[in-house]
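One structure below.
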Amino acid sequence: MSHDVQQVRPFEHPGEGRRRAKSTPKGRQIDPQAAEEIALLLGDRQRRRDLLIEHLHLIQHHYNQISAAHLAALADEMKLAFAEVFETATFYAHFDVVKEGEPNIPPLTIRVCDSLTCAMLGAEKLLQQVQEKAGPGIRVVRAPCVGRCDTAPAAEVGHHFVDHASVSSVLAAAKGGDTHPHLPDYIDYDAYLAGGGYTLLKRLRSGDLAREDLLKALDDASLRGLGGAGFPTGRKWRAVLGEPGPRLMAINGDEGEPGTFKDRYYLETDPHRFLEGMLIGAHVVEATDIYIYIRDEYPASRQILDREIAKLPPGGPTLHMRRGAGAYICGEESSLLESIEGKRGLPRHKPPYPFQVGLFGLPTLINNIETLWWVRDIVEKGADWWKSHGRNDRHGLRSYSVSGRVRNPGMKLAPAGVTVRELIDEFCGGMAEGHTFHAYLPGGASGGILPASMDNIPLDFGTLEKYGCFIGSAAVIIMSQQDSVKGAALNLMRFFEDESCGQCTPCRVGTQKAALLMERPVWNRELLDELSQAMRDASICGLGQAASNPLTSVIKYFPEEFLPKEPAE
């Protein structure tokens, strides 16, 4: 038997001597027009990796979408792999990435918030009606919490928010071209100076106030992180200062917890009190640069900060504004750092902790906006002033974001340790007309749900944990007899499913499976309990660890929801 075998001389390529196939470029090709457009759009801006998200915002704003051609051109312009740019752009909900062959995004987008408070006040019906009547050239989509729970239901037309939204008011804003944020009245730089502002910072920088004396004031007042974690502020500052320099500071203004809007309130009323507290913190830890990360849903807050930061006198650390892009997970401190670096907001494994290895690998002080807002008052008025407030053996003041079925929702500055009953009756004018207090969320979406019968628990750090709940950022949502707690828990689980970053299986799959199980008329409590425990034990960050709190609260405190219904006569 013979075989046709190609004879190859030593060191000779098998195809040598034959005509070679015409070579063709490999990989994605750069469209010349797109490359020119991106280069023109970026102008003289730096092409650093940490500015990727800022550049994506430029493209989104200018073209109302981000095409595949523009993504490829941006990657080439920034000397990044296309995959790096693509994965970042598609991670964030506010970037509308249009793949090849897909239709363009309509010129105007209307977002209707469907998180819990808005859902309770008719968001689903509003969404359907706006979708039916919007007409051509308008895209209408669901949106997670936009931080306007006190004026629910809320809708966003372009970058303009419509409070207490109705079909007519939303479409009127769209028709009238009212798509830009409205800036509220606030205390500007001159007014803040006239009220004694920045005196404390000047004393600290001049040496008139010792750094240790300032830290002692924070320690004596027991000021804790008011973004949700509650870590002692003075101890955190000392920990960062104890690490070798250089050091950085990052501001967590990604207030995305459904029910929370206190940071927006402070930024839109008295922004320099926050800025002074921030500059004091940076001076204490000797931070060379400060990165201020504000959620994309707060365009008015960002504009106010841009305007007022420009008025600050020269000197001190370099300030960098950074803009979120619709990712709740970036409220987690390590996800925040990843996003500031221009990446997907995936939580980091700990240790090391951010105070050791943080932004760009350097020791980083991370503080919430409200925490820094209180620094001036506590140091100037003294720890005894701060501790003179409080009820039920608790100390200090808390900013409660109250929404739902109360007569007067809003940001309520109240003594720490106030009960929900006191909060409703004394600070919110009682329940809304026709509503009876039935249940409440003491700490936003992840803080659990409690029945009205448990209305005498002080709302503060450490008082709710034994009930399977926590205060978090003090977002209190009030429900009435007209609301279903099972429906509320399902709404929240769907929120967590949408907002999971997808990095770890317990959270990514757990939230999805939990939502499917909760959609059933009869809950399988044993299976849901087992799933909840797995999510708590094995998720990387607090999103997955706390996502099941509303679910387990309903099972524990609302057994009547599981009783068989009497047949209608």
Exercise. Taking only pairs six or more apart or across chains, which ones have beta-carbon atoms under 6 Å, a first residue in the range 104-125 that is assigned to a helix (DSSP H, G or I), and a second residue that is charged (D, E, K, R)?
Worked result: Met120/Asp483; Ala123/Asp114
For this session: Would you please name the residue that is farthest from Tyr266 (Cα to Cα), looking only at residues in the range 301-322 that are buried (at least 19 other Cβ atoms within 10 Å of the Cβ) and basic (Lys, Arg)?
Result: Arg322
For this session: Would you list the helices (runs of 4 or more DSSP H) that sit entirely within the range 487-569 and hold 2 or more residues that are without any contact (Cβ under 8 Å) to a residue 12 or more places away in the chain?
Result: 505-518, 525-538
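Residues in the range 245-265: is at least one on the phi > 0 side of the Ramachandran plot, in contact with a helix residue (DSSP H, G or I) (Cβ under 9 Å, 6 or more places away or on another chain), open to solvent by less than 20 Å² (accessible area, probe 1.4 Å) and not in a strand (DSSP E or B)?
Step one: of the range 245-265, the residues on the phi > 0 side of the Ramachandran plot are 259.
Narrowing further to those that are in contact with a helix residue (DSSP H, G or I) (Cβ under 9 Å, 6 or more places away or on another chain): 259.
Narrowing further to those that are open to solvent by less than 20 Å² (accessible area, probe 1.4 Å): 259.
In the following step, the residues that additionally are not in a strand (DSSP E or B) were identified as 259.
Within the range 245-265 (the criterion being on the phi > 0 side of the Ramachandran plot, in contact with a helix residue (DSSP H, G or I) (Cβ under 9 Å, 6 or more places away or on another chain), open to solvent by less than 20 Å² (accessible area, probe 1.4 Å) and not in a strand (DSSP E or B)), the answer is yes, since at least one residue qualifies.
I'd like the full set of residues that are crowded, with 21+ Cβ neighbours inside 10 Å and within 15 Å of Gly502 (Cα to Cα), limited to the range 347-358. Spell out the reasoning first.
Residues of the range 347-358 crowded, with 21+ Cβ neighbours inside 10 Å: 347, 354-355, 358.
Pro347, the sole residue that qualifies.
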For this session: Search the range 148-168 for residues being part of a loop (DSSP other than H, G, I, E, B) and out of contact with any Phe, Trp or Tyr (no Cβ under 8 Å at 6 or more places or on another chain), and hand back the single one that is nearest to Val130 (Cα to Cα).
Result: Ser166
Exercise. For the subset of the range 525-542 comprising residues that are farther than 13 Å from Gly468 by Cβ and in contact with a helix residue (DSSP H, G or I) (Cβ under 6 Å, 6 or more places away or on another chain), which member is surrounded by the most Cβ atoms within 10 Å (Cβ to Cβ)?
Worked result: Met535
For this session: Would you confirm whether any residue within the range 27-40 is open to solvent by 100 Å² or more (accessible area, probe 1.4 Å), at pLDDT below 95 and not aliphatic (A, V, I, L, M)?
Result: yes
Problem set entry | Residue that is nearest to Val167 (Cα to Cα) [pool: residues in the range 94-118 that are of a type outside the set (Ser, Thr, Tyr) and touching a Pro at 6+ places or on another chain (Cβ under 8 Å)] | Val112
For this session: Taking only the range 385-417 into account, find how many residues are touching a helix residue (DSSP H, G or I) at 6+ places or on another chain (Cβ under 8 Å) and closer than 30 Å to Asp220 by Cβ.
Result: 14
Seminar exercise, completed: Within the range 348-384, the residues that are part of a loop (DSSP other than H, G, I, E, B) and in contact with a Leu (Cβ under 9 Å, 6 or more places away or on another chain) are Arg348, Pro354, Phe355, Gly358, Leu362, Pro363, Trp374
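Which one is farthest from Phe161 (Cα to Cα) among residues in the range 173-192 that are in a helix (DSSP H, G or I) and open to solvent by 60 Å² or more (accessible area, probe 1.4 Å)? Let's see the steps before the verdict.
Within the range 173-192, the subset in a helix (DSSP H, G or I) is 173-175, 189-192.
Still in the running and open to solvent by 60 Å² or more (accessible area, probe 1.4 Å): 175, 190.
Details: Lys175: 14, Asp190: 28 Å.
Across the range 173-192, the extreme among qualifying residues is Asp190.
Determine, yes or no, whether Ala432 is of a type outside the set (D, E, K, R), farther than 23 Å from Leu267 by Cβ and touching a helix residue (DSSP H, G or I) at 6+ places or on another chain (Cβ under 6 Å).
On the way: of a type outside the set (D, E, K, R): yes; farther than 23 Å from Leu267 by Cβ: yes; touching a helix residue (DSSP H, G or I) at 6+ places or on another chain (Cβ under 6 Å): no.
Criteria not met by Ala432.
The values are calculated or read from the model by the stated rules, or taken from the named source; none is laboratory data. Note that this is a predicted model, so its numbers are computed, not measured. When we count neighbours, we look across all protein chains shown, and the Cβ atoms used for this are built from the backbone with ideal geometry, even at glycine. Just the protein is used for accessible areas: all its heavy atoms, side chains included, with ligands, DNA and RNA removed. Shrake-Rupley method; radii C 1.70, N 1.55, O 1.52, S 1.80 Å.
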